[in-house]
């Protein structure tokens with residue numbers, strides 16, 4: 001019987017929510033997975049050689065653009081000419097579109113407008129600028145003959161989200177430990193994609209990587225206001241979420257259009273939000 005050769009995956013930035021989710025999912029799907037981060041163990045910046053692999057997922061974040069570019073240049077040095085057949089995916093962010101008060105879903109064809117980015121709050125603004133800088137670098141990498149794709153990620157949830165200070169994780173933890181939480185902005189619209197759906201999409205998209213560097217939004221396109229999200233949790237789970245005075249003057253609408261990726265790659269979300277939340281709470 002012919003032995004099936006397992007696909008090899010490298011995840012750069014394996015200690016964050018995306019990296020951990022991807023590593024867990026790929027191992028469940030019988031991929032060979034090696035991950036690097038900026039921690040003491042398997043510190044990416046100290047690596048002198050990358051082993052050959054079929055796929056590379058680049059998920060590193062940094063607070064400073066200069067640090068991000070330093071990490072990217074190290075990555076570029078590592079792959080050189082030896083990885084022209086490897087497919088590379090850069091995990092960018094929907095933050096590159098900036099602030100949206102008009103209630104329209106973000107499309108990949110939208111202009112990246114610096115004035116919209118400057119409307120973002122402090123760290124989100126720097127985060128968006130960092131992602132824009134790296135998108136440019138990965139596009140240049142594709143022009144050199146490497147097979148690259150870029151995804152712009154939106155809002156996700158899953159078992160690894162609970163340790164982070166996102167709204168959905170704060171709500172779930174407040175229910176688990178029977179605590180009150182207070183929020184100030186309910187006039188905000190988000191959409192939630194489960195991490196397993198996210199990983200399944202990423203594995204499909206990375207196979208589409210080429211020297212044309214396609215860009216796809218990844219996330220759910222079904223919006224829900226934070227106001228209605230609060231009502232849902234308070235009613236179904238007897239949560240103690242208290243909405244205080246609104247601080248935002250205008251609606252914050254952060255929802256992707258996923259029509260492009262659905263059309264080209266026939267992707268859809270498969271995991272039910274209510275069922276997945278119940279699993280996380282229990």
ask   = If residue 199 satisfies every condition in (1) assigned to a loop (DSSP other than H, G, I, E, B); (2) surrounded by 20 or more Cβ atoms within 10 Å (Cβ to Cβ); (3) out of contact with any strand residue (DSSP E or B) (no Cβ under 8 Å at 6 or more places or on another chain) but one, which is the exception?
value = (1)
Number of the condition not met by residue 133 [criteria: (1) in a helix (DSSP H, G or I); (2) in contact (Cβ under 8 Å) with a residue 60 or more places away in the chain; (3) crowded, with 17+ Cβ neighbours inside 10 Å] = (3)
query = Listed residues 278, 268; which is in a helix (DSSP H, G or I), on the phi < 0 side of the Ramachandran plot and surrounded by fewer than 17 Cβ atoms within 10 Å (Cβ to Cβ)?
reply = 278
request  = Could you grab me the full set of residues in the range 216-261 that are on the phi > 0 side of the Ramachandran plot and over 20 Å from the mean Cα position of the chain (by Cα)?
outcome  = 238
remark   = The helices (runs of 4 or more DSSP H) lying entirely within the range 1-120 that contain at least 1 residues which are over 22 Å from residue 215 (Cα atoms), out of contact with any helix residue (DSSP H, G or I) (no Cβ under 6 Å at 6 or more places or on another chain) and touching a residue at least 12 places away in the same chain (Cβ under 8 Å) are 17-28, 65-79
ask   = Got a number for residues in the range 151-171 being in contact with a helix residue (DSSP H, G or I) (Cβ under 9 Å, 6 or more places away or on another chain) and more than 18 Å from residue 21 (Cα to Cα)?
value = 2
query = Mind checking whether some residue in the range 208-215 is within 20 Å of the chain's Cα centre (by Cα), in a loop (DSSP other than H, G, I, E, B), modelled with pLDDT of 95 or more and surrounded by fewer than 16 Cβ atoms within 10 Å (Cβ to Cβ)?
reply = no
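The values are calculated or read from the model by the stated rules, or taken from the named source; none is laboratory data. Please read these numbers as outputs of a predicted model, since none were measured by experiment. Counting neighbours? That spans all protein chains shown, and the Cβs are built from the backbone with ideal geometry, glycine included.
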